[in-house]
Every structure is written in C-alpha cells, then in structure tokens.
C-alpha cells in the first residue's frame, strides 16, 4: 500500500482545501475539466450510452498496460493466492450487465460555495453494458480466511492527492464484495475496455457511485481490518467542514434528468423552442433501488404532474420517462424529480456538504418559448 506524505511540495488550490463561488472557476478546475469529460444530456436519448459519450473521471494519469503481460494478483488473507492473466479471467463465467454509473461529485457546481475539484454540472453519468466475470466465485476459489473483513482493490494509476503519494485504492466489506452483481469486467458495450475506461480490467460495483469501481485493476487483497487510505477516509465523505470526519459516500441517490428540449443558446445553454405541444423526456435511476415515480413541473416546482415510465434498461440501470407539455410563449423553468422504491424523493434545495458529494437536487432547465 502506498501512503507517503509529501507536505510542502505542492501548493494546489484543490483537494477540498478551499471553497469557491459558483461563478468563478480556477485555472486548475478548468485543467481538470479538460482531462475529464461528461455525457452531454442529449445523450440521454440512448438506452446504452456510446462509450465515447460515457462520463470519465481520471484521478491521476491513464496508465499504459499491455494485456499480454498484465496480471491480476489475488492474495492477502486467502488460502489460495493466485496470479491471473487476462485469458485466465476470460475463461471464467461470463456475464453482461447494463449498469448506470454516476460520479459522486455530479452536480458539484450547483452548490454555493462549492468545493474546488472536478467542476461537474449534471453530466457525470452514463449507462454501459459491461461484460466480465462475477467477483464472488473468484473470492470463493481463493479461500478467503474467516478473519478477513474487507477486500482491498488497487489500481495501476498513481499520483498525489491530499499531500500523499498513493495508488488509487478502495475497499469493500467482504459482504458487499461478494454480492452477485459485483464484477471484474474487460468489455464495455461489446468491445475491449478503452484505455481511459480501465483497460484491460476494472471493477464494476452496480448501485454505488463511480469511485468504487476501481479501474486498471492489478491487485485484490483480503484484509483483516478497515482500509483507511485517502480515497476511503479522507475524500468521498459527507462532511460539513475540513475537520469533520463525515460519513462515507456509498450508494447512488435517486435522480431524474431531462433531455433539454428545443435548441440551445451557445454560451448559456438556455433552450429555445416554438409554442405548441412538446414531448418532454429523460431518464431516472436510483442505484440499487427502483424508480417508482417521476414528476415534471413547467412552473419551477409550483405544481407537479406525473410522467409515464418505461421499463428499466436493467436491474441496476436507468429507466426512461416522458410527459407531454403544451408550451406557451414566454420564459419557463422546467423541472423534473424522481422518487425511489423506498419513498426517497429528490430535494428541491440540495443539502450542502463540504466536498460536494451526492448532489441529487431537482433538475431545472431554462426555456424560452417563442
């Protein structure tokens, strides 16, 4: 495990150490935004997001890995440690599953003040068909020791964050890691993983925010205590200030997004459309839970109407919604919100947190009807 301190060597504005106004972006944030990418909201039209449109968050550098020499080490507190090639993993049971993945920081720029980090609007989302092998049977074959409490996943990407030199590492409890839907994947939408999506092997944990699905996977270890690395205990926390230990970010919260109707203004993205009947549509998801209801408002939430729902793309994937609207001339704020199978509903005003995590407030779209 890499965990070296490098205090005093870096003087960045980021890392959750400073706050910023919504209307002012730092050079470092723009640099992050140019390295990462979001899914244009018009791509909500697709049941399965094309790989080139799926959102990306890359913490450090994209490592160059050769599939012919790459190996996955499975060890730690196991009876049968093993080193597996890509062909070894492909020879195991193969499963293809559509999964909606969302970044935990999606919507960060809507908070005031916001944490200085990747400046997401609402585009950190995508649904892909992932092909791989279930992790649980592999752990069974390895013979995890009864003293193990977590499974630690290490990616090949390495860098500095929070004044620490680190490999990107996340852990799951043994129970969560053994769930049927957790997979080691080597294909996205029927093609080998692209380098930026974790080639040649990554973890996929359906229902959790995307930071859990470690890319460029090289090592899986059974460990006897909670992993307290930076990506677990310092970031991806619901914190109220810099010193608050906070609660861990884990499962995706319910959210609906609208495909922006009409045509956009180049700079502001305000929508322009003609008066008359308009078909509003979009997608809704809730991680491990189902979406029971989607509501649409044409008056900035003063009143709501139920939308029609289609069947989900998959158990852990979004479902389409639609609602007809009779657009009248003038300025309008369209809104959409979803309710999950446990009755959780998107908030009108997002509760603030220090790192800008888990934002799922009502989606609003500014529209000018002529």
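The values are calculated or read from the model by the stated rules, or taken from the named source; none is laboratory data. The model shown is predicted, which means the values in this text are computed figures rather than measured ones. Cβ atoms come from the backbone with ideal geometry, glycine included; neighbour counts cover every protein chain shown.
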**OP:** Go over the candidates 125, 116 one by one and state the one that is touching a helix residue (DSSP H, G or I) at 6+ places or on another chain (Cβ under 9 Å), modelled with pLDDT under 95 and over 17 Å from residue 233 (Cα atoms).
**Re:** 116
Original post:
In segment 158-178, how many residues are closer than 27 Å to residue 283 by Cβ and buried (at least 17 other Cβ atoms within 10 Å of the Cβ)?
Top reply: 2
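Among the helices (runs of 4 or more DSSP H) contained in segment 132-244, which hold 1 or more residues that are within 16 Å of the chain's Cα centre (by Cα)?
The helices (runs of 4 or more DSSP H) meeting that bar are 230-233.
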Original post:
Pick from segment 335-357 the residues that are surrounded by 19 or more Cβ atoms within 10 Å (Cβ to Cβ) and more than 20 Å from residue 282 (Cα to Cα): which of them is nearest to the chain's Cα centre (by Cα)?
Top reply: 357
Original post:
Which of the residues belonging to segment 167-181 are out of contact with any strand residue (DSSP E or B) (no Cβ under 7 Å at 6 or more places or on another chain) and touching a residue at least 40 places away in the same chain (Cβ under 8 Å)?
Top reply: 178, 179
**OP:** Starting from segment 19-39, take each residue that is within 19 Å of residue 58 (Cβ to Cβ) and list its partners that are in a helix (DSSP H, G or I), counting only C-beta distances under 6 angstrom and pairs at least six apart or across chains.
**Re:** none
Subject >> Checking residue 3 against (1) farther than 26 Å from residue 222 by Cα; (2) modelled with pLDDT under 90; (3) touching a helix residue (DSSP H, G or I) at 6+ places or on another chain (Cβ under 8 Å); (4) loosely packed, with under 15 Cβ neighbours inside 10 Å, the condition it does not meet >> reply: (1)
Subject >> Qualifying position, being surrounded by 16 or more Cβ atoms within 10 Å (Cβ to Cβ), closer than 21 Å to residue 92 by Cβ, assigned by TED's automatic domain parsing to the domain that holds residue 88 and in contact (Cβ under 8 Å) with a residue 40 or more places away in the chain, among 143, 210, 190, 155 >> reply: 155
Original post:
Just a yes or no: is a residue in segment 295-309 assigned by TED's automatic domain parsing to the domain that holds residue 277, modelled with pLDDT of 95 or more, closer than 19 Å to residue 250 by Cβ and out of contact with any helix residue (DSSP H, G or I) (no Cβ under 7 Å at 6 or more places or on another chain)?
Top reply: no
